[in-house]
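Written out below as structure tokens is the structure these notes cover.
The values are calculated or read from the model by the stated rules, or taken from the named source; none is laboratory data. As the structure is a computational prediction, the values presented were derived from the model and not from experiment. Glycine also receives a Cβ, built like all others from the backbone with ideal geometry; neighbour counts cover every protein chain displayed. The protein model used for the area step is the full one, side chains on, heavy atoms only, and it has no ligands, DNA or RNA in it. Shrake-Rupley method; radii C 1.70, N 1.55, O 1.52, S 1.80 Å.
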Amino acid sequence: MPAVTLSTLTGRRESNTPFSCLTAYDATFARLASDAGVEVLLIGDSLGMVLQGHSSTLPVTITDIAYHTACVARAGVDSLIMADLPFMADVSIERLLDNAGILMRAGAQMVKIEGEAWLAEGVEALSRRGVPVCVHLGLTPQHVNALGGYRIQGRDPESAQRIIDDALTLEQAGAAVVLLECVPSDLALEVRDALAVPVIGIGAGPDVDGQILVMHDMLGASLGRVPRFVKNFLIGEASIQEAFAAYHEAVVNREFPAEEHCF
Ligand code: KIV
Ligand code: NA
């Protein structure tokens, strides 16, 4: 696969050909996913749960994300490398810029940040400095304590409209990509249609430009309850590499997510 850049993702939106994304935290799995054609690798703060054994993503530090980003970058992948800004990485614009700088120097090509319209100033500061930003809207796991659990967002008209408005505000501020987690499929489609930038979904239905899953989940290596939007792609495949390829193909052909994975 030729090296994936932001313009690859924009082009895929324009040609209506979905791209696939997976979390990756180390060199071996990153290389396997890249070789299987997965376009984006996210060093997600989900590593706090799947690698570190925490019950939320809140304990993850910038040092943790930088370490795993460097591990992935060392694999020499063709996939675009996106890294999560962890909880409280943006307590000030200065801290946000410093933290994004740490991740970009570790090998990230894009950063992802959770929040709402109030992120606009930070998004603008980052994008002005050449740091592409993916804004994570809908269910934002760093807000688990405020949200009262990991539950679907944007169900009532008011909160749905708020997600659309937030996405538009952040696109205006310079967001390069929007990621929607756990929202109704029809809301995800509305957001996608309102924006010009690529939209990645997880539990957001089929009508977005890219799909993402946590690698452990799609290999059936989950310890707790498996969310509705997860599919185990290792079933029926002979290897992890083939499971990654099956996932990539299912996303590109719009066979995943199916009805049973959506809200
Ligand atoms: O941390 C993570 O893995 C994520 C994805 C689930 C989108 O943010
Ligand atoms: Na995350």
Quiz item: Of the residues that make up region 133-145, is at least one away from ligand 2 (no atom under 16 Å from the Cβ) and at negative phi?
Solution: no
Practice problem: Any chance you could count how many residues in region 122-132 are surrounded by fewer than 18 Cβ atoms within 10 Å (Cβ to Cβ) and not small (G, A, S)? | Solution: 3
Quiz item: How about region 196-210: which of its residues are touching a helix residue (DSSP H, G or I) at 6+ places or on another chain (Cβ under 9 Å) and open to solvent by 10 Å² or more (accessible area, probe 1.4 Å)?
Solution: A196, V197, P206, D207
Exercise. Name every residue in region 137-149 that is modelled with pLDDT of 95 or more and not in a helix (DSSP H, G or I), in order of residue number.
Key: L137, G138, L139, T140
Quiz prompt | From the options D186, D165, residue that is open to solvent by 40 Å² or more (accessible area, probe 1.4 Å), over 24 Å from L22 (Cα atoms) and among the acidic types (D, E) | solution = D165
Quiz item: If you take the residues in region 88-107 that are assigned to a loop (DSSP other than H, G, I, E, B) and open to solvent by 10 Å² or more (accessible area, probe 1.4 Å), which one is farthest from ligand 2 (Cβ to nearest atom)?
Solution: S92
Exercise. Give the residues of region 155-189 that are of a type in the set (G, A, S), away from ligand 1 (no atom under 16 Å from the Cβ) and closer than 16 Å to F229 by Cβ, sorted by residue number.
Key: S185
Self-check item: Tally of residues being surrounded by 15 or more Cβ atoms within 10 Å (Cβ to Cβ) and either without any contact (Cβ under 8 Å) to a residue 12 or more places away in the chain or β-branched (V, I, T) (or both) across region 223-241
Solution: 3
Exercise. From (1) free of Cβ contacts under 8 Å to residues at least 60 places away in the same chain; (2) in contact with an Asp or Glu (Cβ under 7 Å, 6 or more places away or on another chain), pick out the condition that doesn't hold for G44.
Key: (1)
Quiz item: From the list L170, L119, which residue is within 16 Å of ligand 2 (Cβ to nearest atom), within 24 Å of L41 (Cα to Cα) and crowded, with 17+ Cβ neighbours inside 10 Å?
Solution: L119
Exercise. Determine which single condition A160 fails, assuming it passes every other condition in (1) within 19 Å of D84 (Cα to Cα); (2) open to solvent by less than 40 Å² (accessible area, probe 1.4 Å); (3) more than 16 Å from ligand 2 (Cβ to nearest atom).
Key: (1)
